[in-house]
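The values are calculated or read from the model by the stated rules, or taken from the named source; none is laboratory data. All values derive from a computational prediction rather than experimental measurement. Positions of Cβ are generated from backbone atoms using ideal geometry, with glycine treated the same way; all protein chains shown enter the neighbour counts. The area values use the complete protein model at the heavy-atom level, side chains included, leaving out ligands, DNA and RNA. Shrake-Rupley method; radii C 1.70, N 1.55, O 1.52, S 1.80 Å.
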Amino acid sequence: MTDVYRGDLERISPEDVRHINEVCERNISKMMMKEGDVMLLDNYRVLHGRDVFKGERNHAVTWFESCGEPLQKKQAGEKPDDFMNTLINKTLV
């Protein structure tokens, strides 16, 4: 087993890692998807992964600025590279 560490670089015991893995495995919810489906996940709230499959996959990652907090003001003239945020917000939201 690969060593696993906490944010403060303290090693997590193999027993704890096994327990966490067992709990995760018991609570898997499979989401069957078909072509054209989109799934948005909050990485701070959801442990996620994917099973083996055949075919192609399009994978995009984006960060949203706000989780209920006021948006930060951009400086005048600043143009952030927010292609994916704009695409998702115009298409899905």
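See the values below:
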{"item": "Solvent-accessible area of ARG6 with every protein chain in place, 1.4 Å probe, in Å² to the nearest 10", "result": "110"}
{"item": "Environment charge of HIS48, counting only residues whose C-beta is closer than 15 Å and scoring Lys/Arg +1, Asp/Glu -1", "result": "0"}
{"item": "Distant-in-sequence amide H partners of VAL4 (H built 1.01 Å from N, under 5 Å)", "result": "ILE12"}
{"item": "J(HN,Hα) series, the range 42-48, from Karplus relation 6.51 cos²θ - 1.76 cosθ + 1.60, nearest Hz, glycine and proline x", "result": "9, 5, 7, 10, 10, 8, 9"}
